[in-house]
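The values are calculated or read from the model by the stated rules, or taken from the named source; none is laboratory data. No experiment lies behind these values; they were computed from the predicted model shown. Glycine also receives a Cβ, built like all others from the backbone with ideal geometry; neighbour counts cover every protein chain displayed.
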Amino acid sequence: MTRPHLKVEKNLKIDGVDTTELAKKHDTPLYVTSGDRIKQKYRKLKQALQNHYPKIRLHYACKANTNINILKILEQEGCHIDAVSTGEIYSALKAGYSPEKILYTGTSVSNQELKYAADKGVMINLDSAHEMRRLSEITSTKVSFRVNPGVGAGHHDHCITGGKESKFGIWEDDIIDTYKEAIDLGLTPIGIHMHIGSGILEVEKFRPAVQKMMELVGKITNEVDIDLEFIDIGGGLGIPYKPNEKPLNIDKFAEMVTKEYKKGLKQHNLNQPILALEPGRYLVGDSSILLTKVNDIKENPFHRYIGIDAGFNTLQRPAMYGSHHGVVNASNPKNAGNYIKNAPKEGVDRKAEIAGPLCESGDIIAQNREITAKAGDILAILDTGAYGYSMASRYNSRPLPAEILIENGETKLIRERETHRDLLSKQKTN
Ligand code: LLP
């Protein structure tokens, strides 16, 4: 159980702040993030890798959570950015990242988007030979390539981004020709990249991908006249969501990755290119909780339902991937011990389905849970920092929620709750 920022006293607290008070003051649904937890995770991963190899660069995959205040926290830590859209480039620049710290890894990218990235001076990581040719018509610049190493992994089919069924990157057999063509086109390739998938909890799942990457690096540097400045092995580092799930062992992960990396460098006589990684979920995933109010309780012969005010408009992961998120009754945390160390763990007479307010049967946030609640209680949905707010929508004309950040003991509203008026703000109303 790796949620040291969460504690149960009478109510659930996050970094010492009473979550029920936050809900009372700012209303619900409400995302609450511990900035200190994000810093802790960043430092832990960076140090674990640097214990074995000095030239480490972490790019925060900001699709996980693009709130500018969170981007700023990681910028202060010295982090770089993995951006997937011009909107993410824009946000990262606004958060203070210098263009050289931004790696733009798009897919199905338009010429306008390439031009935007080139004009801003960010590093472009190309997803296809076609994209490379189109870029070369716009500018001659330094580039890198995303390779599909033929290996994939992830917590759900939708989240596997390497291997035969993946749309991403350049197939491994074509990568050497692509580097050669890039040079002919006047581009300067200085990096190579892969990302095999998301939500991986076993160290060994990464090993074949790193080995394949180093094998490809050997072939490329042997056949093409390039100086590789960086090798980016992507993100994908998982976090535990379920009560008995084991966390990814970061020290073992760092040891394995750097061992395979250094072995490859030695084998192919390379000096010390930067080893880059681009974690999203690992850095921010367990830093946030989503506070939601219980509106309604009902039972039928088959289920007990706890009806809350957050649905898949607020947190899409359970509906989209069948993902598990812990749920704790913050007002009466009798069940918190399933998820939080030293918290009480009481059984229930009947398990509950936790259902959202949307008009869809699939709007169930959690199933079969040992939790009791009454109307008006505040529930905390755990580990919602990654792909929570960033995947939220206004479905059923429900305004987007507010966000709170707690950092250095200070509680700040970092995004206002939307209003009904916001729902119509871009529509032609006359
Ligand atoms: N790099 C690239 C190129 C990526 O496409 C991704 C995630 C990452 C890095 C970061 O992956 P992470 O370290 O967060 O696993 N919405 C899904 C996850 C989709 C991930 C997409 N790509 C979910 O909620 O589980």
Contact list, first residue from segment 274-287 and touching a residue at least 12 places away in the same chain (Cβ under 8 Å) and within 11 Å of K41 (Cα to Cα), second anywhere and near the ligand (Cβ under 10 Å from one of its atoms) and hydroxyl-bearing (S, T, Y), beta-carbon distance below 6 Å, six or more apart or interchain, is L283/Y60
(Q) Against the definition (touching a helix residue (DSSP H, G or I) at 6+ places or on another chain (Cβ under 9 Å) and assigned to a loop (DSSP other than H, G, I, E, B)), how does L400 come out, yes or no? (A) yes
query = Could you say whether any residue in segment 28-45 is in contact with a Lys or Arg (Cβ under 9 Å, 6 or more places away or on another chain) and under 29 Å from I220 (Cβ atoms)?
reply = no
Over segment 59-87, the set of residues more than 16 Å from the ligand (Cβ to nearest atom), assigned to a helix (DSSP H, G or I), touching a residue at least 12 places away in the same chain (Cβ under 8 Å) and not hydrophobic (A, V, I, L, M, F, W, C) is N69, K72, E75
For Y90, the lone unmet condition from (1) in a helix (DSSP H, G or I); (2) free of Cβ contacts under 8 Å to residues at least 60 places away in the same chain; (3) closer than 29 Å to E165 by Cβ is (3)
The correct count of residues that are in contact with a strand residue (DSSP E or B) (Cβ under 7 Å, 6 or more places away or on another chain) and either on the phi > 0 side of the Ramachandran plot or part of a strand (DSSP E or B) (or both) in segment 1-21 is 7
Check whether at least one residue in segment 341-360 is within 20 Å of A392 (Cα to Cα), crowded, with 22+ Cβ neighbours inside 10 Å and within 16 Å of the ligand (Cβ to nearest atom), and report yes or no. no
Consider H26 carefully, then state whether it is surrounded by 22 or more Cβ atoms within 10 Å (Cβ to Cβ) and either modelled with pLDDT of 95 or more or more than 15 Å from the ligand (Cβ to nearest atom) (or both).
-> no
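Quick grid of which residues meet (1) buried (at least 20 other Cβ atoms within 10 Å of the Cβ); (2) away from the ligand (no atom under 15 Å from the Cβ); (3) over 30 Å from I160 (Cα atoms); (4) not hydroxyl-bearing (S, T, Y):
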position: G280; (1), (2), (3), (4): yes, no, no, yes
position: S287; (1), (2), (3), (4): yes, no, no, no
position: D296; (1), (2), (3), (4): no, yes, yes, yes
position: N300; (1), (2), (3), (4): no, yes, yes, yes
position: Y305; (1), (2), (3), (4): no, yes, yes, no
L291: away from the ligand (no atom under 16 Å from the Cβ), touching a helix residue (DSSP H, G or I) at 6+ places or on another chain (Cβ under 7 Å), hydrophobic (A, V, I, L, M, F, W, C) and closer than 30 Å to E21 by Cα, yes or no? yes
Across (1) surrounded by fewer than 24 Cβ atoms within 10 Å (Cβ to Cβ); (2) within 24 Å of K24 (Cα to Cα), A330 clears everything bar (1)
Pairing a residue in segment 221-240 that is within 24 Å of K44 (Cα to Cα) and touching a residue at least 60 places away in the same chain (Cβ under 8 Å) with any residue that is aliphatic (A, V, I, L, M) and away from the ligand (no atom under 14 Å from the Cβ), where Cβ atoms lie under 6 Å and the two sit 6 or more apart in sequence or on different chains, gives F230/I274
Considering segment 314-338, residues that are farther than 19 Å from P357 by Cβ and assigned to a helix (DSSP H, G or I), and then whichever is modelled with the lowest pLDDT, we arrive at N338
Scanning segment 340-362 for residues that are closer than 17 Å to K10 by Cα and either of a type in the set (A, V, I, L, M, F, W, C) or modelled with pLDDT of 95 or more (or both), the one nearest to the chain's Cα centre (by Cα) turns out to be I340
Cβ pairs under 7 Å, 6+ apart or interchain, first in segment 314-325 and touching a residue at least 40 places away in the same chain (Cβ under 8 Å) and within 11 Å of the ligand (Cβ to nearest atom), second assigned to a loop (DSSP other than H, G, I, E, B) and hydroxyl-bearing (S, T, Y), ordered by first then second residue, are L315/T384; R317/S323; R317/Y387; S323/Y241; H325/Y241; H325/T384
In the set R421, R398, R394, the lone residue that is out of contact with any strand residue (DSSP E or B) (no Cβ under 6 Å at 6 or more places or on another chain) and buried (at least 21 other Cβ atoms within 10 Å of the Cβ) is R398
When segment 198-221 is checked residue by residue, the ones that are of a type in the set (K, R) and within 15 Å of the ligand (Cβ to nearest atom) are K205
